[in-house]
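**Student:** There's a structure below that I have some questions on.
The values are calculated or read from the model by the stated rules, or taken from the named source; none is laboratory data. Keep in mind that what you see is a predicted model, and the values were worked out from it rather than measured. So basically every Cβ, Gly included, is an ideal-geometry build from the backbone, and we count neighbours across all protein chains shown.
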Amino acid sequence: MNYISRRSTLKSLALGAGVGLVSPFSVFPSASARKEKLGIALVGLGYYSTDLLAPALEKTENCYLAGIVTGTPSKAAIWKTKYNIPEKNIYNYDTFDSIAENPDIDVIYIVLPPSMHKEYVIRAAKAGKHVWCEKPMAITVEECQAMIDACNQANVSLSIGYRCQHEPNTQAFQKIVKEKSLGDVLGLDCAAGYRENRTNHWKQKKEMGGGVIYDMGVYAIQGARLGANMEPIAVNSAKVWAERPEIYQDGLGEVVEAELEFPGGIIGTIKTSFAENINFLNIKCEKGMIEMEPFSAYAGNKGKSPLGEINFPFQQPMEQVWQMDNDAKTIMEGKPQAVPGEEGLRDIRVVEAILESAEKGQKVAI
């Protein structure tokens with residue numbers, strides 16, 4: 001028998017109570033609450049917006065694609081026709097701030113390279129719009145905090161695009177750990193990576209937030225944190241290197257390994273890579289192992305434990321559908337987000353400690 005019955009629909013799992021820690025800030029402008037659907041403006045029309053977020057928005061119940069922000073006129077023309085976007089809801093980076101005067105736009109979704117997240121989250125907040133921001137949240141903890149502060153000051157909601165926290169397989173393994181159905185967690189091992197064959201993308205540019213630790217590394221850190229149901233207190237050791245130094249230059253990490261220490265001496269090892277396809281999470285508990293593989297894919301996440309199978313099949317882009325529907329509903333109900341800015345900050349705090357540990361060759365407290 002499955003640990004969680006398949007009869008429970010995916011939708012009820014994904015649209016139920018939020019998972020994770022929430023911001024103490026929970027009262028937002030009432031205008032959004034009066035709408036049946038929130039209008040979303042996507043900022044940055046690269047692969048993720050084009051192939052996943054836009055198709056997902058055609059399936060959502062609580063929000064819809066209302067506008068776009070792009071610096072490429074040819075893309076604007078294509079999206080205008082394909083999604084029937086009014087001309088007045090199409091912006092470029094010079095006209096971005098005038099979005100404040102557009103009542104069609106309720107939420108601005110930042111889908112840009114990490115180095116640009118701080119600027120556009122703060123500008124979106126100053127425009128009085130709720131903000132969704134892709135992971136990694138930013139490059140530094142300081143930037144993350146500035147983004148959180150700007151949204152709080154503007155009385156708008158901020159959520160980070162951790163799609164996995166909205167999908168039922170992730171929620172299922174978290175439930176086992178939180179309820180201690182297999183006893184206490186004794187240790188864990190997590191890895192996330194893929195073979196990245198691009199050579200001139202922002203992921204290969206340090207100044208834009210490149211390097212594997214900020215991209216796939218955040219998945220491995222998330223897996224360890226959610227799998228332990230605790231926050232790490234130290235990075236005991238870390239290594240950063242490049243299998244292809246001609247592509248990942250000036251110390252930019254193509255592969256990262258780290259040992260995280262959690263309260264009680266529990267150890268979590270993580271690996272993240274742009275050199276190989278890896279995606280698993282193994283959580284060792286007192287009464288057996290939870291094994292998830294893959295644990296953070298766009299679809300196909302599944303696992304097993306002594307309690308049974310964890311396998312709620314779905315097709316992409318359903319993670320993004322659940323994520324955006326949940327976040328929109330939360331805004332309309334005036335509730336705290338399930339995955340607030342503070343959650344993104346926690347991951348970047350670990351990223352900074354991993355990089356420091358690798359550089360100094362020593363243990364670094366978090």
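**Student:** Taking the range 203-232, which residues are out of contact with any strand residue (DSSP E or B) (no Cβ under 6 Å at 6 or more places or on another chain) and surrounded by fewer than 19 Cβ atoms within 10 Å (Cβ to Cβ)?
**Tutor:** In the first step, residues of the range 203-232 are kept if they are out of contact with any strand residue (DSSP E or B) (no Cβ under 6 Å at 6 or more places or on another chain); the result is 203-211, 214-215, 218, 221-222, 225-226, 229, 231.
Passing the criteria: Lys205, Lys206, Glu207, Met208, Asn229, Glu231.
**Student:** Something else about it: Among Ala77, Ala33, Ala54, which is at pLDDT below 95 and among the small types (Gly, Ala, Ser)? Break it down into steps so the answer makes sense when it comes.
**Tutor:** Details: Ala77 fails: at pLDDT below 95; Ala54 fails: at pLDDT below 95.
Within the list Ala77, Ala33, Ala54, the selection yields Ala33.
**Student:** Scan the strands (runs of 3 or more DSSP E) fully inside the range 240-303 and keep the ones with 3 or more residues being in contact with a Leu (Cβ under 6 Å, 6 or more places away or on another chain).
**Tutor:** Answer list for the range 240-303: 278-285.
**Student:** Next question, about the same structure. Being in a loop (DSSP other than H, G, I, E, B) and small (Gly, Ala, Ser) is the filter; apply it to the range 150-198 and report the residue that is nearest to Ile283 (Cα to Cα).
**Tutor:** Ranking the qualifying residues of the range 150-198, first place goes to Gly161.
**Student:** Can you name the residue in the range 52-98 that is among the acidic types (Asp, Glu) and without any contact (Cβ under 8 Å) to a residue 12 or more places away in the chain and is also surrounded by the most Cβ atoms within 10 Å (Cβ to Cβ) among such residues?
**Tutor:** Of everything passing the filter in the range 52-98, Glu58 is surrounded by the most Cβ atoms within 10 Å (Cβ to Cβ).
**Student:** Name the single residue that is farthest from Ile108 (Cα to Cα) among those in the range 292-308 being surrounded by fewer than 24 Cβ atoms within 10 Å (Cβ to Cβ) and in contact with a strand residue (DSSP E or B) (Cβ under 8 Å, 6 or more places away or on another chain).
**Tutor:** Pro306
Let's see how each residue does on (1) at pLDDT below 95; (2) over 29 Å from Leu182 (Cα atoms); (3) among the β-branched types (Val, Ile, Thr); (4) outside the structural domain of Leu52 (by TED's automatic domain parsing):
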| residue | (1), (2), (3), (4) |
| --- | --- |
| Val256 | no, yes, yes, yes |
| Glu259 | no, no, no, yes |
| Ile270 | no, no, yes, yes |
| Phe280 | no, no, no, yes |
| Cys285 | no, no, no, yes |
| Ala299 | no, no, no, yes |
| Glu333 | no, yes, no, yes |
| Pro336 | no, yes, no, yes |
| Val351 | no, yes, yes, yes |
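**Student:** While we're here: Of the residues Tyr64, Tyr109, Tyr120, Tyr93, which single one is modelled with pLDDT of 95 or more, among the aromatic types (Phe, Trp, Tyr) and part of a helix (DSSP H, G or I)?
**Tutor:** Answer to the check: Tyr120.
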